[in-house]
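Participant: Structure below; questions to follow.
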Amino acid sequence: MLPVRLFTLLFASMLFSSACATVTPAESEAAPLQEPALIEVLPDTLQSFDLQGYKYFQDSSGGYSVRYANLPKRRIADVYIYPVADENIELAHDQLVLGSTRATIQAIGEAARQGHYANFNVVNAGTQAYGVRTVARVQATYLRQNLASMTLVYQTEYKGTLVKIRVSMPDNESNRNSQEWDDFAENMFSTIITQLDESASISLTAVQQ
């Protein structure tokens, strides 16, 4: 695991550097696309969150987002699944994870500069190894519409697919001390990676036939 201080400084030093492109969920589609295979295996409820739906990105990457929410408690968990860009496909796994996570934090910082957030602050950041897979975790606080809020970003990469989870909620002692967000991310990563393996196996079988 990277030292928390080192990882935090890495983000702090690059937070307001040159802009980095990020993916954005599509608001509307010219033509309906086939439902992602993952939707069939996702639970309707995970921890205290309920599945809300999914959206494809505006680009042609095939990436999409899935939203879970706990509306009474004002908690939202967005899950993003998208392919590694062609120009980055040769990068090592750790570079992809850290680079993509940094881009997410930069995007939040840019939103703060534009007035969507205020008092944005990275509380802690680090990485954890799950076998050969690395997961980055960043926790930050900010003000939105004068409401003290917190967000946790989890990021990993698996066989050319980037998976990001962002959980946002009011910033209070109960939410800060809860293990639920880490459990949600771990369960979601496991479900997604299992589905990616199954889809790859099906595709390989089809090619062989």
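The values are calculated or read from the model by the stated rules, or taken from the named source; none is laboratory data. Note that the coordinates shown come from a computational prediction; the quantities given were computed from them, not determined experimentally. A quick note on method: Cβ atoms are made from the backbone with ideal geometry, for glycine too, and the neighbour counts reach across all protein chains shown. Just so you know, the surface numbers come from the protein's heavy atoms only, side chains and all, with ligands and any DNA or RNA stripped out. Shrake-Rupley method; radii C 1.70, N 1.55, O 1.52, S 1.80 Å.
Participant: Criterion first (under 28 Å from V122 (Cβ atoms), open to solvent by 20 Å² or more (accessible area, probe 1.4 Å) and under 17 Å from the mean Cα position of the chain (by Cα)) does Y54 satisfy it?
Facilitator: no
Participant: On to the next question. Kindly provide the set of residues from the range 84-100 that are among the β-branched types (V, I, T) and surrounded by fewer than 15 Cβ atoms within 10 Å (Cβ to Cβ), ordered by number.
Facilitator: I89
Participant: Let me ask you something else. If you go through the range 147-163 one residue at a time, do you hit one that is open to solvent by 50 Å² or more (accessible area, probe 1.4 Å) and of a type in the set (S, T, N, Q)?
Facilitator: No, because not a single residue in the range 147-163 is open to solvent by 50 Å² or more (accessible area, probe 1.4 Å) and of a type in the set (S, T, N, Q).
Participant: Being loosely packed, with under 14 Cβ neighbours inside 10 Å and farther than 20 Å from L42 by Cβ narrows it down to one residue among A118, A103; which is it?
Facilitator: Sole residue among the options that is loosely packed, with under 14 Cβ neighbours inside 10 Å and farther than 20 Å from L42 by Cβ: A118.
Participant: On the basis of being in contact with a strand residue (DSSP E or B) (Cβ under 8 Å, 6 or more places away or on another chain), in contact (Cβ under 8 Å) with a residue 12 or more places away in the chain, open to solvent by less than 60 Å² (accessible area, probe 1.4 Å) and outside any strand (DSSP E or B), does I81 make the cut? Can you show your working first?
Facilitator: Working: in contact with a strand residue (DSSP E or B) (Cβ under 8 Å, 6 or more places away or on another chain): yes; in contact (Cβ under 8 Å) with a residue 12 or more places away in the chain: yes; open to solvent by less than 60 Å² (accessible area, probe 1.4 Å): yes; outside any strand (DSSP E or B): no.
No: the conditions fail for I81.
Participant: Looking only at the range 202-209, decide whether some residue is over 18 Å from P83 (Cβ atoms), at pLDDT below 90 and open to solvent by less than 70 Å² (accessible area, probe 1.4 Å).
Facilitator: The answer is yes, given that some residue of the range 202-209 is over 18 Å from P83 (Cβ atoms), at pLDDT below 90 and open to solvent by less than 70 Å² (accessible area, probe 1.4 Å).
Participant: Please verify whether T141 is among the hydroxyl-bearing types (S, T, Y), closer than 22 Å to G63 by Cα and either modelled with pLDDT of 95 or more or surrounded by fewer than 20 Cβ atoms within 10 Å (Cβ to Cβ) (or both), treating the condition exactly as stated.
Facilitator: It is false that T141 is among the hydroxyl-bearing types (S, T, Y), closer than 22 Å to G63 by Cα and either modelled with pLDDT of 95 or more or surrounded by fewer than 20 Cβ atoms within 10 Å (Cβ to Cβ) (or both).
Participant: Let me spell it out: the conditions are (1) among the small types (G, A, S); (2) open to solvent by 20 Å² or more (accessible area, probe 1.4 Å); (3) part of a strand (DSSP E or B), and S65 meets all of them except one. Which number is the exception?
Facilitator: Only one criterion is unmet by S65, namely (2).
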